[in-house]
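The values are calculated or read from the model by the stated rules, or taken from the named source; none is laboratory data. Everything quoted here is computed from the prediction, not taken from an experiment. Ideal geometry is used to build each Cβ from the backbone, glycine not excepted, and the neighbour counts take in all protein chains shown. Heads up: the accessible areas ignore ligands, DNA and RNA and are worked out on the full protein's heavy atoms, side chains in. Shrake-Rupley method; radii C 1.70, N 1.55, O 1.52, S 1.80 Å.
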Amino acid sequence: MIDVYYWPTPNGWKVTIMLEECALPYRVHAVDIGAGDQFKSEFLRISPNNRMPAIVDDEPAGGGAPLAIFESGAILEYLADKTGQFLPTAPRERFRVLQWVYWQMANFGPMMGNANHFKNYAKNLVDDPAQLEYGRKRFVGEVDRLCGVMDAQLSAHAYLAGDDYSIADMVTWPWAILTERLVDEEAGKKYSHFKRWLDEVGARPAVQKGRAVHKEWGERQLTPEQEQARRELLFNQTSEKVRKAREEAARGAGV
Ligand SMILES: N[C@@H](CCC(=O)N[C@@H](CS)C(=O)NCC(=O)O)C(=O)O
């Protein structure tokens with residue numbers, strides 16, 4: 001059985017989508033990142049970077065003790081190798097997929113996160129919204145560039161890594177579906193191949209199932225005080241703040 005440490009966000013959906021695609025049995029554990037669960041010591045033993053998703057496989061590929069893995073890209077690569085699906089073994093084909101997985105992990109995901117932060121979140125966190133203009137322009141611009149890169153690739157290929165659906169699509173789609181809502185409402189109109197791919201991948205039953213896992217956790221209405229506490233917790237995480245949050249979580253105080 002695979003234990004999944006999860007909250008319904010794009011990085012979380014990558015893992016549930018892959019598990020659904022592979023029809024692997026799994027058990028979901030909530031990591032409420034707005035309430036500080038990512039700082040609990042039992043979670044940090046699995047995911048030392050205080051980020052979800054993470055998994056623990058108690059019947060790991062290769063045998064032995066239960067295996068814990070954090071970082072969504074590594075998790076999908078592991079599950080692909082374990083099941084022999086969605087990531088070829090021959091070097092040429094394998095790296096055709098992995099280069100797009102790393103592209104997402106190092107580029108599209110972080111740039112989407114930063115663009116969303118500067119465009120939608122940060123205005124409530126600074127005294128002078130004009131301070132945000134440089135960051136907004138830089139990261140919204142990067143998302144636009146990356147959508148163009150994807151669109152060019154998808155104009156020549158059915159999927160990101162070529163003719164076959166792979167873990168590269170699974171790590172990218174959960175962020176890509178948010179582009180219009182969070183960053184650029186024209187993205188679907190500007191990038192027709194990107195839009196075609198978004199719709200095709202989104203029509204897969206496993207993708208729909210994976211994305212729907214505990215959707216209700218993300219839809220809870222927070223009071224303004226809870227929302228303020230969530231922002232305090234999630235943004236400006238210096239090593240000192242993380243140390244304090246760990247201590248509070250260890251005392252069971254919540255954050
Ligand atoms: N590169 C990591 C990113 C994970 C990540 O940023 N997770 C966010 C939620 S989407 C999180 O756990 N945030 C908790 C926090 O910021 O303290 C991955 O893909 O697994």
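Numbers for the structure displayed
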{"quantity": "Alpha-carbon centroids, segment 117-139 and segment 1-30: separation in whole Å", "calculated": "32"}
{"quantity": "Probe 1.4 Å, protein heavy atoms only - accessible area per residue of segment 168-255 in square angstrom", "calculated": "60"}
{"quantity": "Sequence-separation-based contact order of segment 91-210, relative, with Cα cut under 8 Å and 6+ spacing, percent", "calculated": "31"}
{"quantity": "Packing rank of 72-78, 200-206, where each peptide gets the mean count of other beta carbons within 10 Å, highest leading", "calculated": "72-78, 200-206"}
{"quantity": "Stokes-Einstein D for segment 91-210, Kirkwood Rh over Cα pairs, 37 °C, 0.692 mPa s (µm²/s)", "calculated": "219"}
{"quantity": "Sequence-separation-based contact order of the chain, relative, with Cα cut under 8 Å and 6+ spacing, percent", "calculated": "27"}
{"quantity": "Simple spin-label estimate for residue 149 and residue 214 in nanometres, 7 Å along Cα-Cβ", "calculated": "3.2"}
{"quantity": "Relative packing of peptides 176-186, 2-12, 104-114 - highest average C-beta neighbours within 10 Å first", "calculated": "2-12, 104-114, 176-186"}
{"quantity": "Of all DSSP beta bridges in the chain, antiparallel share, percent nearest 5", "calculated": "65"}
{"quantity": "Cα gyration tensor of the chain - equivalent ellipsoid semi-axes, whole Å, descending", "calculated": "29, 26, 15"}
{"quantity": "For segment 145-178 and segment 205-255, distance of Cα centres in Å", "calculated": "29"}
{"quantity": "Sulfur and carbon atoms: percent of accessible area, the chain [1.4 Å]", "calculated": "51"}
{"quantity": "Per-residue ³J(HN,Hα) for segment 116-132, Karplus 6.51 cos²θ - 1.76 cosθ + 1.60, θ = phi - 60°, Hz, x for Gly and Pro", "calculated": "4, 4, 6, 7, 10, 8, 5, 4, 8, 10, 10, 6, 10, x, 4, 4, 8"}
